[in-house]
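Below: the structure, in structure tokens.
The values are calculated or read from the model by the stated rules, or taken from the named source; none is laboratory data. Note that the coordinates shown come from a computational prediction; the quantities given were computed from them, not determined experimentally. Don't worry about glycine lacking a Cβ; one is built from the backbone with ideal geometry, like all the others, and counts go over all protein chains shown.
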Amino acid sequence: MTHLPRERVLITGGGGFIGSHLAEHLLGLGASVVVIDNFSTGRRSNLAYIESHPEWSARFRLIEGDLAAQLPSLNPKDFDVIYHLAAAVGVRLVVERPIHTIETNVEQASALLRFAARGACRTLIASTSEVYGKGLRTPMHEDDDVVYGPTTLTRWSYAASKAIDEYLALAYHREHGLPAYIVRFFNTVGPRQVGEYGMVLPRFVQAAVSGLDLEVHGDGMQSRCFCDARDVVTALPKLLARPECAGRVFNIGNDTQISILELAQRVISVLSSRSGVRLIPYAQAFAHGFDDLLVRQPDLTRIRNAVGFAPKISLDATIRDLAEEFRAASCSGLPKRGASCS
């Protein structure tokens with residue numbers, strides 16, 4: 001079964017870098033799309049292409065504001081599909097504003113699920129690899145047990161809040177028959193992602209473009225797997241088109257590992273940058289409340305079997321596209337972009 005055109009779609013957090021790519025993909029498939037975003041971490045400019053598109057703009061509506069406050073003005077029966085991407089994200093934001101993180105993630109998900117249940121909408125809950133905590137094994141499988149650090153380390157509050165979102169979604173599926181789908185994103189990257197909230201790849205690319213040292217936290221031996229958002233969003237409507245996948249959890253990402261130190265060196269090489277690499281202790285980078293794990297790698301068997309997911313965009317291509325975006329933004333006079341236009 002394939003994604004049906006002309007579906008009526010609601011995307012929460014659609015002004016974020018993943019949400020905006022998803023909106024473009026769905027509009028390209030023929031859907032009509034409503035986005036709710038308060039632009040606390042997303043950006044209005046991410047939706048500029050949609051709003052200027054001669055065909056898409058007629059099938060697109062933006063509602064600016066907090067999710068829980070805007071949902072009462074909408075009728076859930078007006079939507080076939082909901083993608084819940086709104087969340088507090090980013091390591092730095094989580095460590096510095098844990099109350100905001102916990103309340104935003106849990107309260108918004110709860111409000112969204114109550115709304116979706118009234119319309120029996122197919123609903124995707126965007127979760128995260130952080131739910132795996134310290135990771136009892138690798139690659140990480142959707143049914144693995146999890147272990148978090150102590151509550152005194154605020155870094156784990158994000159993982160716990162997203163785990164609660166998953167519990168809520170699965171409870172709505174079991175108790176109310178809501179067709180809820182949970183997807184755990186693994187280090188999703190790509191154009192429109194910014195580094196202000198601790199996202200490592202855009203932070204590295206921006207530094208390399210600007211000729212600054214790339215700051216690697218810890219010893220840089222921790223490894224991650226990076227997947228371009230433009231690959232990820234193509235899989236999501238395919239997943240929601242399969243009723244047998246409702247009530248299940250799916251990893252999505254790439255399973256090719258690279259250490260953070262190697263990533264920094266890769267960015268410098270791909271962009272032919274003169275930047276260096278500087279190691280920064282975690283205590284200096286985050287001051288307090290931080291803990292990390294050495295390896296985070298997904299088991300992708302389930303998503304491959306469900307929709308044949310296979311990432312196509314290389315890490316080098318993502319790096320180049322991010323660099324092009326940073327250079328273009330700098331030359332247009334936008335803030336916080338620091339690249340030369342020469």
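Hey, can you tell me all the residues within segment 129-145 that are part of a strand (DSSP E or B) and either among the aliphatic types (A, V, I, L, M) or modelled with pLDDT of 95 or more (or both)?
140
What tally of residues in segment 250-259 results from selecting those that are aliphatic (A, V, I, L, M) and buried (at least 20 other Cβ atoms within 10 Å of the Cβ)?
Qualifying residue count, segment 250-259: 1.
Please count how many residues of segment 184-200 are aliphatic (A, V, I, L, M) and crowded, with 24+ Cβ neighbours inside 10 Å.
The total comes to 1.
Go through segment 157-203 and give me each residue that's in contact with a strand residue (DSSP E or B) (Cβ under 8 Å, 6 or more places away or on another chain) and of a type in the set (Lys, Arg).
162, 184, 203
Quick one: in segment 225-241, of everything that is among the charged types (D, E, K, R) and either assigned to a strand (DSSP E or B) or touching a helix residue (DSSP H, G or I) at 6+ places or on another chain (Cβ under 6 Å) (or both), which residue is surrounded by the most Cβ atoms within 10 Å (Cβ to Cβ)?
Among residues in segment 225-241 that are among the charged types (D, E, K, R) and either assigned to a strand (DSSP E or B) or touching a helix residue (DSSP H, G or I) at 6+ places or on another chain (Cβ under 6 Å) (or both), the one surrounded by the most Cβ atoms within 10 Å (Cβ to Cβ) is 228.
Given the structure, is residue 248 of a type in the set (Lys, Arg) and more than 20 Å from the chain's Cα centre (by Cα)?
Details: of a type in the set (Lys, Arg): yes; more than 20 Å from the chain's Cα centre (by Cα): no.
Spelling it out, it is not the case that residue 248 is of a type in the set (Lys, Arg) and more than 20 Å from the chain's Cα centre (by Cα).
I'd like to check something: does segment 91-108 contain any residue that is modelled with pLDDT under 95 and acidic (Asp, Glu)?
Yes - at least one qualifying residue is present in segment 91-108.
So is residue 26 touching a residue at least 60 places away in the same chain (Cβ under 8 Å), assigned to a helix (DSSP H, G or I) and under 25 Å from residue 239 (Cβ atoms) or not?
Yes: the conditions hold for residue 26.
Residue 51 is checked against (1) without any contact (Cβ under 8 Å) to a residue 12 or more places away in the chain; (2) part of a strand (DSSP E or B); (3) of a type outside the set (Lys, Arg) and fails just one. What number does that condition carry?
(2)
Restricting attention to segment 289-299, does a residue exist that is buried (at least 19 other Cβ atoms within 10 Å of the Cβ), touching a His at 6+ places or on another chain (Cβ under 9 Å) and not in a helix (DSSP H, G or I)?
The answer is yes; a qualifying residue exists.
Hey, does segment 33-41 have a residue that's farther than 21 Å from residue 182 by Cβ, assigned to a helix (DSSP H, G or I) and in contact (Cβ under 8 Å) with a residue 24 or more places away in the chain?
no
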